[in-house]
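Heads up: the structure comes next, in structure tokens.
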Ligand SMILES: [Zn+2]
């Protein structure tokens, strides 16, 4: 909750990876029998059309990509969901008390299903598989950093020739899918890089350190169940919180490496946390 006041999207790759895995276990192979959407603005087509197209269809697969979930149906359609600034997406069984104030509800033929409570806005889009490449919000998503294709060579190529600063580049979903303003802080700290460092000034060693840091931060969070203030598909909170953060959201605390006071600085429209000693801007 504290981080929401920072205006950041708090569900990033680890949270969506965990949700996607759990959803897959619960809903694949089941038929959608009912759908309710209280906030039709999140849809890309009229509700009636959304409902008529998906009710009676069976879920074939669930995948996460960056901050998106892809629910593939046994027809020519895919349901695309993005939780915006965050959402509780909670599984239910027959007889369970449903979370209050949910805006979206999917019921499956065995009377299980899930509700979604959105904090601010979300996207719930329905797109024919053959037209996924035309879906502007997902078609240009970069590869996720934990995908097999995301090798050090790929990452080096991706950065090469780019004139911007490293933080802005990494949180742009067109470059890399899944990193936002929460995980980026410690990813840069581990690699000893200031958020405003110019990409052109990075050495091969620094790029490798950054690559390794992205992997270790995201994998550790997935291992611990995601962020401590976000809920998984069963309503359980993750184990990655203040104790795991090194400098993120700890202004005024000592740097865990050198004891220098951690500073909060402005980087464009977002805040960044840096150790001015470990993450120097002079190159
Ligand atoms: Zn330090």
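The values are calculated or read from the model by the stated rules, or taken from the named source; none is laboratory data. Just so it is clear, the model here is predicted, and its values are computed rather than measured. As a convention, Cβ positions derive from the backbone with ideal geometry for all residues, glycine included, and neighbour counts pool all protein chains shown.
Side notes on the structure shown:
- As a summary of the residue check, residue 106 satisfies the conditions (1) at pLDDT 95 or above; (2) in contact with a helix residue (DSSP H, G or I) (Cβ under 7 Å, 6 or more places away or on another chain) except for the one numbered (2).
- Inter-residue pairs, beta-carbon under 8 Å, first at pLDDT 95 or above and in the range 270-283, second in a strand (DSSP E or B) and away from the ligand (no atom under 11 Å from the Cβ), 6+ apart: 272/264; 272/265; 272/266; 273/264; 273/265; 274/265
- Unmet requirement for residue 29, which otherwise passes all of (1) out of contact with any strand residue (DSSP E or B) (no Cβ under 6 Å at 6 or more places or on another chain); (2) surrounded by 14 or more Cβ atoms within 10 Å (Cβ to Cβ); (3) touching a residue at least 24 places away in the same chain (Cβ under 8 Å); (4) farther than 17 Å from residue 119 by Cβ: (2)
- In the range 183-200, the residues that are closer than 20 Å to residue 243 by Cβ and out of contact with any strand residue (DSSP E or B) (no Cβ under 7 Å at 6 or more places or on another chain): 183, 184, 186, 187, 188, 189, 190
- Scanning the range 249-269 for residues that are surrounded by fewer than 17 Cβ atoms within 10 Å (Cβ to Cβ) and more than 15 Å from the ligand (Cβ to nearest atom) gives 266, 268, 269.
- Among residues of the range 133-163, those that are surrounded by 14 or more Cβ atoms within 10 Å (Cβ to Cβ), part of a loop (DSSP other than H, G, I, E, B) and in contact with a helix residue (DSSP H, G or I) (Cβ under 9 Å, 6 or more places away or on another chain), counted: 7
- Hits in the range 202-248 (condition: outside any helix (DSSP H, G or I) and within 16 Å of the ligand (Cβ to nearest atom)): 245, 246, 247, 248
- Filtered residues of the range 106-129 (kept if surrounded by fewer than 17 Cβ atoms within 10 Å (Cβ to Cβ) and farther than 16 Å from residue 44 by Cβ): 109, 110, 111, 112, 119, 120
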